[in-house]
Amino acid sequence: MAKMTMVQALNLALRQEMEKDDRVVLLGEDVGVDGGVFRVTDGLIASFGAERVLDTPLAESGIVGMSVGMAAYGLRPVCEIQFSGFAYQAFHQIESHAARLRLRSQGRLSVPMVLRAPYGGGVRALEHHSESREAYYAHTPGLKMVIPSGPRNARALLVSAIRDPDPVIFFEPKAVYRAFREEVPEAEETLPLSRAQIAREGADLTIVTYGAMVRPVLSAAETLKQQTGAEAAVIDLLTIAPLDDTQFVASARETGRVLIVHEAPRSFGPGAEIIGRLVEKAFFYLEEPIVRLTGFDVVMPLFSREKRYIPDEGRILSAARRLLRNGQGG
């Protein structure tokens, strides 16, 4: 298998689905001639032409509105918003139309569209280029909210998203775009849009995370083992909505200690819903209060303070060690 970056793996998914199904069309700002701001769509206009890879005006509401109409009439549009922070101009189209059309038409119409957007910090980008607002979409009935963590699961999840009969918001952690390579099979591979993965086995502590936070969490878990001998289980959610709680509930029942790590702001973030599920389904198994390590309730700061905002390996390791020490009476 070839080793690919996430950018290359996403490009592979788009290319193969466009070859397989001529209903799949791409649209967005600079997705054609320039191959996308991060080059995820590089080369696709040369292969499939300007009728299937559409460079649009700088108008997010128009991009998403066109995608809703295309999907309702039988196409499978994959629209790109250059940065997730630019999608607010299109929120009316997303919330009032894409998410509701199946219900409003009593099932006569569906909206099989994907909205792709780079999200998150860590690349020294400007304001509106670095936030993590996945909770907006996860809280919206009718939408699926997907966030891959690496090249292989990004490719598999995007294929599943394109084939899904309903709208999918697909956030791509841009800090991971070219950060590392993984083996990605040339043969078709999919993942369900409703199932978390166990990224690491462990019986002493459960860490629940997703997206760009998975790599520093895994690194912290390895360091924790070397320093203390403790084994931390790492649960990669992959989809925020629908939220698969089976893996982290089962792990929490085994370990009795849970750390939740995400880049999004703390208040009303995905971590709060995870805690709610754990209280409902694993409360009497918990030996320590659940700990959240998250971004802060402020706008993502610019360059010099960005690293202080995003949870890093050191902070993750410190939180994990504190949970374990509390359990030992120390």
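The values are calculated or read from the model by the stated rules, or taken from the named source; none is laboratory data. These numbers come from a predicted model, not from an experiment. As a convention, Cβ positions derive from the backbone with ideal geometry for all residues, glycine included, and neighbour counts pool all protein chains shown. With ligands, DNA and RNA removed, areas are computed over all heavy atoms of the protein, side chains included. Shrake-Rupley method; radii C 1.70, N 1.55, O 1.52, S 1.80 Å.
Numbers below:
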read-out	value
Prolate/oblate/rounded label for region 99-147 (Cα gyration tensor, a/c 1.5)	prolate
Pairwise centroid distance, computed over Cα atoms, of region 89-159 with region 184-204, Å	20
Amide H within-cut-off set for Val24, under 5 Å, with H built and near neighbours excluded	Arg76
Beta bridge orientation in the chain: antiparallel %, DSSP, nearest 5	20
For region 193-201, 3J(HN,Hα) per residue [Karplus equation, 6.51 cos²θ - 1.76 cosθ + 1.60, θ = phi - 60°, Hz, x = Gly/Pro]	8, 7, 9, 6, 10, 8, 7, 7, 7
Principal-axis tilt of helix 313-327 within the chain, Cα atoms, nearest 10 degrees	40
Ratio of Rg to Rh over region 199-257 (Cα coordinates, Kirkwood Rh, two decimals)	0.98
Solution diffusion estimate, µm²/s, Stokes-Einstein, the chain, Kirkwood Rh from C-alpha pairs, 4 °C, viscosity 1.567 mPa s	64
In degrees, nearest ten, helix 214-228 long axis to first principal axis of the chain (Cα)	20
Distance in nm between pseudo-label sites at Glu186 and Asp312 (7 Å out along the Cβ direction from Cα)	4.1
HN-Hα J in Hz across region 15-21 - Karplus 6.51, -1.76, 1.60, θ = phi - 60°, x for Gly and Pro	4, 5, 6, 5, 5, 6, 9
Prolate/oblate/rounded call for region 24-143, Cα gyration tensor, a/c under 1.5 rounded	oblate
Beta bridges by DSSP in region 177-330, antiparallel share as percent, to the nearest 5	20
Residues of type aspartates and glutamates that Lys281 reaches as a straight line, Cα spacing below 17 Å, ignoring anything fewer than 8 places off in the same chain	Asp244, Asp245, Glu254, Glu273
Where the chain is the region considered: accessible area per residue in Å², 1.4 Å probe	43
Hull shadow area, averaged, region 271-330 [alpha-carbon convex hull, nm²]	5.3
Normalised alpha carbon radius of gyration of region 148-201 [divisor 2.2 N^0.38 Å]	1.16
Cα-based helix-to-principal-axis angle, 60-72 vs the chain, degrees rounded to 10	80
Gain upon complete extension [Ser47, Glu19; 0.36 nm per residue less C-alpha separation]	9.1 nm
Distance in nm between pseudo-label sites at Ser304 and Ser194 (7 Å out along the Cβ direction from Cα)	5.0
Evaluated over region 128-272, the Cα radius of gyration and Dmax, each in Å	15.2, 47
Gyration tensor verdict on region 100-199 (Cα atoms; rounded if a/c is under 1.5, prolate if a/b is larger than b/c, oblate otherwise)	oblate
Set of aspartates and glutamates near Lys225 by C-alpha distance (under 16 Å), chain-local residues within fewer than 8 positions excluded	Glu201, Asp204, Glu313
Glu172 long-range amide H proximity, modeled H, under 5 Å	Ala117, Tyr119
Relative contact order of region 215-330, defined on C-alpha pairs under 8 angstrom at six or more residues apart (%)	30
